[in-house]
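Below you'll find the structure, written out as structure tokens, and then a few comments.
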Amino acid sequence: MIHPRTLRVDYDKITSVLCVVGSDLNVNLNRSAPPTSTFFSVKCTPDIQYSISPPPKVTPDFSPIPLNGSSVLLINMTHASQFENESKLSVWYYGKNKEVLGKAVMHLTAVEISLDVDADRDGIVEKNNPNKSSWKWGPNGHGAILLVNCDSERTYVKRLDSEQDCITSVSDLKDMAPMVLRTRGPAKLPDGYKLTMHISQGDAENVRVFRRRALNVVNNALLQKSDSNFFGKDYPLVLSSQILSQELPYTGGVAEMKFYVEGLRFADKDFDGLISIHLSLLEPICEGIPERPIFTDKVVFRVAPWIMTPNTLKPLEVFVCSTSDNSKFLKGMRNLVAKSGYKLKICSENMNRGDRWIQDELEFGYIDSPHHRFPVVLDSPRDGSLMDFPFNELLGPDFGYVTRVAHHKDVSSLDSFGNLEVSPPVTVNGKYYPLGRIIIGVAFPTATKGRNMTKVVQDFLWAQKVQEPIALFSDWLEVGHVDEFMTFVPAPDRKGFRLLLASPDAAYKLFRGLQADGHGQAQLFDGLRDEEPVTLDEILGDNGFQAQNNYVQSCIDWNRDVLKRELGLDDEDIIDLPILFKLVNNKDEYRALAFYPDMVNMIVLGKNLGIPKPFGPKVNGCCALEAEMCSLMEGLGLRCTFIDDFASYHKLLGEVHCGSNVLREPFDFRWWNLEL
């Protein structure tokens, strides 16, 4: 940044001055004048521009100008010097009779200096953007963007690239933000002057800067080498938590020095995501006295947020676990994924060690900048037997990893990521959320005790800013996950999606209609091994069971109201699915479980839905619950596939969604265009 600079000069002396093109030098003429001086005049070489404040009255050319106590000479250099002390300026001082009393002489050397970033977010590092030192959201905003370097170029003995102490391959460079130091001037700076780059102690924990050394010969084949020794040598570390300031070489002439800026941390409770990098030109005073800055420049980066992807985005790959008892489930998932045209990744039992809940262990998202984007998996603090899968199997080149570690005593079932969802884009009271809003489940707002998602995860999600979270009441459930009573599916009309909610009321309405039509003896769970069938008459005649479901419906209605308010939904945007629950007593606390397979706990693959097979009452040979589900979805152009997860998931308190996960394409919308 260019600020006016006060310059001290003395009469009858030559002062050598180094200045930056575009900056103003202020000389207080009265301070540097000989005693009894009354007039002054200025002479200079043609490459110097100057003015006098306050402007003097018009006088004949070269006539002395009256000197007063506030006379200031403003000097400006418009071009870089080719040689040291190339430009000359002198101030002549006169007495009352215009006799010469002395003169102050300046030899000036001008340099151009600019620390540059992609401040306009077009993928190009432009020169001296006037907005490079600040951040502004929105399509007309500005400010450079920095990725957290959370992938791993190493595929064996993996480590996050941000934990490496050097750049290990050329491919690692694209994960970093480019920054350029541009200079123009004489072959060298005057003796004692130096350029330094520096960061604050606070920012040093969040960023590192590497410099590309100038190579005598740049060979494309050489640049493709992945030898870490090569890159460690030619991309030295400039700034880090251990190096807050470093002198930079000045090469003379017209030069560009390239830097690569690496993000180390995502925004969080103690870090707002903004990082400043400073450049200073230092002037020597004398030996033993610190140099002083005569020019400073600053650039600002914002660390790219972690972004979740909703069901309405296109799938890329589906993940499920193979266990000793889930062959029926796997067969159904294979068929569904194959007919949907996507990839299926099966996590073997050697890796999952019997832990089938892959939705609960991780959440897929991504990070994005104008120059690069890649998926990033968020690893939950749940840490079941699948805990090594996200790091060992997903982390790799251009596939990042992030986690938040909580104290074991603070972790509950609500920290599993079946309790972490995100809506499609919505508009709420005129405010547009183009990346949707994150949804988490917590304890009831007035509860004095209960389970909550751990604070470190909530703090992380809130700090990302771009998908402002919504808290729902999910602690009424035994498992406590929002995916047990809600999901989103794509739709061709209205807002582009529908919210599906579990609804005991819808189930009772359906079952009463069937009873009225003479199907009261139709059985749920008919033909299931080790499961006692139950008739519609028995369900509808159990007043205690209905009271339990009335309670469940009240909990869901609470969340329905929150979702309508926070997502800007109308009743027409919501579809109620017929699902019943039962209350179980666990340590004198009553919480709910799905009575039959929970159809809302589904996997969404484009227009194909993988839904838990409910084993509902059969009417004319068809499952009434399946028929109702198909009827509700077919108007949206969605196809239902029912997957048998009863023994291997439902009986273990989970369903299809709990046992699967989907990597999806990123949004087309670029997060920095948000109006915040």
Within segment 107-136, tally of residues that are in a loop (DSSP other than H, G, I, E, B) and touching a strand residue (DSSP E or B) at 6+ places or on another chain (Cβ under 8 Å): 15
Take the residues in segment 405-415 that are modelled with pLDDT of 95 or more and of a type outside the set (S, T, N, Q), then tell me which one is nearest to D459 (Cα to Cα). D415
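Can you go through T45, T15 and tell me which one is crowded, with 16+ Cβ neighbours inside 10 Å and outside the structural domain of P293 (by TED's automatic domain parsing)? Steps first, answer last, please.
Working: T45 fails: crowded, with 16+ Cβ neighbours inside 10 Å.
Unique residue meeting the criteria: T15.
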Select from segment 235-263 the residues that are farther than 25 Å from E112 by Cβ, surrounded by 21 or more Cβ atoms within 10 Å (Cβ to Cβ) and at pLDDT 95 or above and list them in ascending order. E262, G263
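Going through R159, R121 one at a time, which residue ends up being at positive phi, out of contact with any Asp or Glu (no Cβ under 8 Å at 6 or more places or on another chain) and not β-branched (V, I, T)? So that I can check it myself, show each step before the final result.
Details: R159 fails: at positive phi.
Just a single option satisfies the conditions, and that option is R121.
Let me confirm something: among D203, D172, D191, D165, which residue is outside any strand (DSSP E or B), crowded, with 19+ Cβ neighbours inside 10 Å, modelled with pLDDT under 95 and in the same structural domain as P284 (by TED's automatic domain parsing)? Steps first, please.
Values: D203 fails: modelled with pLDDT under 95; D191 fails: crowded, with 19+ Cβ neighbours inside 10 Å; D165 fails: crowded, with 19+ Cβ neighbours inside 10 Å.
After applying the criteria, what remains is D172.
Considering each residue of segment 345-369, count those that are at negative phi, surrounded by fewer than 17 Cβ atoms within 10 Å (Cβ to Cβ) and not charged (D, E, K, R), and give that number. Walk me through how you get there before you give the answer.
Initial filter on segment 345-369 (at negative phi): 345-352, 355-369.
Narrowing further to those that are surrounded by fewer than 17 Cβ atoms within 10 Å (Cβ to Cβ): 345-346, 348-351.
If we keep only those that are not charged (D, E, K, R) as well, we get 346, 348, 350-351.
Going through segment 345-369 one residue at a time, the tally reaches 4.
Taking into account only those residues within segment 480-508 that are surrounded by fewer than 13 Cβ atoms within 10 Å (Cβ to Cβ) and touching a residue at least 60 places away in the same chain (Cβ under 8 Å), which is nearest to W558 (Cα to Cα)? If you could, list the steps in order and put the result at the bottom.
Step one: of segment 480-508, the residues surrounded by fewer than 13 Cβ atoms within 10 Å (Cβ to Cβ) are 492-494.
Filter again for touching a residue at least 60 places away in the same chain (Cβ under 8 Å), leaving 492, 494.
Numbers: P492: 28, R494: 24 Å.
Filtering segment 480-508 for residues that are surrounded by fewer than 13 Cβ atoms within 10 Å (Cβ to Cβ) and touching a residue at least 60 places away in the same chain (Cβ under 8 Å), the one nearest to W558 (Cα to Cα) comes out as R494.
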Condition first: part of a loop (DSSP other than H, G, I, E, B), in contact with a helix residue (DSSP H, G or I) (Cβ under 9 Å, 6 or more places away or on another chain) and in contact (Cβ under 8 Å) with a residue 40 or more places away in the chain. Now tell me which residues in segment 515-529 satisfy that. H519, A522
Please specify each residue of segment 422-471 satisfying the condition of being touching a Gly at 6+ places or on another chain (Cβ under 8 Å) and assigned to a loop (DSSP other than H, G, I, E, B). S423, P424, P425, N429, A443, F444, R451, M453, K465, Q467
Residues to consider are L625, L653; find the one that is surrounded by fewer than 24 Cβ atoms within 10 Å (Cβ to Cβ), closer than 21 Å to E531 by Cα and in the same structural domain as V466 (by TED's automatic domain parsing). L653
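Looking only at segment 347-383, filter to residues that are part of a loop (DSSP other than H, G, I, E, B) and acidic (D, E); which one of those is modelled with the lowest pLDDT? Break it down into steps so the answer makes sense when it comes.
Of the residues in segment 347-383, the ones part of a loop (DSSP other than H, G, I, E, B) are 348, 353-357, 369-372, 380-383.
Narrowing the set further to residues that are acidic (D, E) leaves 355, 383.
Working: D355: 96, D383: 88.
Here the answer is D383.
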Residue check for N586: surrounded by fewer than 16 Cβ atoms within 10 Å (Cβ to Cβ), over 19 Å from D505 (Cβ atoms) and among the polar types (S, T, N, Q): yes
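Among the residues of segment 105-116, write down those that are in contact with a Leu (Cβ under 9 Å, 6 or more places away or on another chain) and either crowded, with 24+ Cβ neighbours inside 10 Å or more than 30 Å from V402 (Cα to Cα) (or both).
Taking segment 105-116 first, the residues in contact with a Leu (Cβ under 9 Å, 6 or more places away or on another chain) are 105-111, 113-116.
Within segment 105-116, V105, M106, H107, L108, T109, A110, V111, I113, S114, L115 meet the criteria.
The values are calculated or read from the model by the stated rules, or taken from the named source; none is laboratory data. On a predicted model such as this, the values are computed, not experimentally measured, just so you know. Using ideal geometry, Cβ is built from the backbone for each residue, glycine included, and neighbour counts are taken over all protein chains shown.
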